[in-house]
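Have a look at the structure below, then the notes.
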Amino acid sequence: MYSKAEKSKIRKDFWTAFGQYMKPVPSAEGKKINWPNYKTGVKHIFFKMKAERDFASIGIEFTHTDPELQQLYFEQLITFKSILHNTLGEEWKWTLHHEDEYGKYISKVEKGLTKVNVLDQNDWPKIISFLKPRIILLDEFWSNMKPAFEEL
């Protein structure tokens with residue numbers, strides 16, 4: 001069993017390792033990018049990657065506090081659903097107005113990987129292999145679709 005501080009350090013070490021692993025990979029626009037803390041450049045839209053004790057996930061989250069505006073962003077992404085899924089090469093889960101672990105309502109589109117544990121370094125290659133291609137493809141998708149969200 002790990003202490004809270006040990007868990008925190010292991011998670012930090014994982015994200016540092018992931019960032020170092022991804023460092024040589026340029027964005028779709030050929031720029032240097034901080035992959036673990038990807039910035040979409042559009043307020044209230046985030047690309048979130050998680051690595052926990054029983055899963056890893058990656059997704060697009062809409063966090064606007066106004067439910068109608070959050071839904072507008074979500075519906076805008078729905079119009080690009082086939083482009084997103086074609087870019088990613090797989091279907092993702094779509095959820096409108098989901099209560100997150102902090103009690104806030106968000107909308108999200110995500111893909112998860114089960115039966116991995118970030119606290120087990122033996123699982124890190126599986127988690128990285130899951131996250132890496134998807135964040136790169138999300139960046140590719142976003143480089144083409146971002147203007148449609150900047151206008152909202």
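The values are calculated or read from the model by the stated rules, or taken from the named source; none is laboratory data. Everything quoted here is computed from the prediction, not taken from an experiment. Neighbour counts are summed over all protein chains in view; Cβ atoms, including those assigned to glycine, are modelled from backbone coordinates with ideal geometry.
Among residues of region 80-107 that are farther than 14 Å from Ile60 by Cα and loosely packed, with under 10 Cβ neighbours inside 10 Å, those with a Cβ under 7 angstrom from a residue that is of a type in the set (Phe, Trp, Tyr) and modelled with pLDDT of 95 or more, sequence gap 6+ or separate chain, pair up as Glu99/Tyr105. Filtering region 51-64 to residues that are among the charged types (D, E, K, R) and within 15 Å of Lys115 (Cβ to Cβ) leaves Glu52, Arg53, Asp54. When the test is whether a residue is under 17 Å from the mean Cα position of the chain (by Cα) and part of a helix (DSSP H, G or I), Thr40 does not pass it. Across region 1-44, the number of residues qualifying as closer than 18 Å to Leu137 by Cβ and touching a Ser or Thr at 6+ places or on another chain (Cβ under 8 Å) comes to 4.
Residues that are small (Gly, Ala, Ser) and part of a loop (DSSP other than H, G, I, E, B) within region 111-142 are absent altogether. Of all residues in region 15-44, which are among the hydroxyl-bearing types (Ser, Thr, Tyr) and surrounded by 12 or more Cβ atoms within 10 Å (Cβ to Cβ)? Matches in region 15-44: Tyr21, Ser27, Tyr38, Thr40.
Filtering region 7-28 to residues that are out of contact with any strand residue (DSSP E or B) (no Cβ under 9 Å at 6 or more places or on another chain), touching a residue at least 60 places away in the same chain (Cβ under 8 Å), assigned to a helix (DSSP H, G or I) and not β-branched (Val, Ile, Thr) leaves Lys7, Ala17, Tyr21, Met22. The numbered conditions (1) of a type outside the set (Val, Ile, Thr); (2) modelled with pLDDT of 95 or more; (3) farther than 17 Å from Glu52 by Cα are all true for Gly103 except (2). The one condition from (1) over 24 Å from Arg11 (Cβ atoms); (2) part of a strand (DSSP E or B) that Lys108 does not meet is (1). Considering only region 81-100, state which residues are in a helix (DSSP H, G or I) and either closer than 15 Å to Asp54 by Cα or not hydrophobic (A, V, I, L, M, F, W, C) (or both). Scanning region 81-100 gives Lys81, Ser82, His85, Asn86, Thr87.
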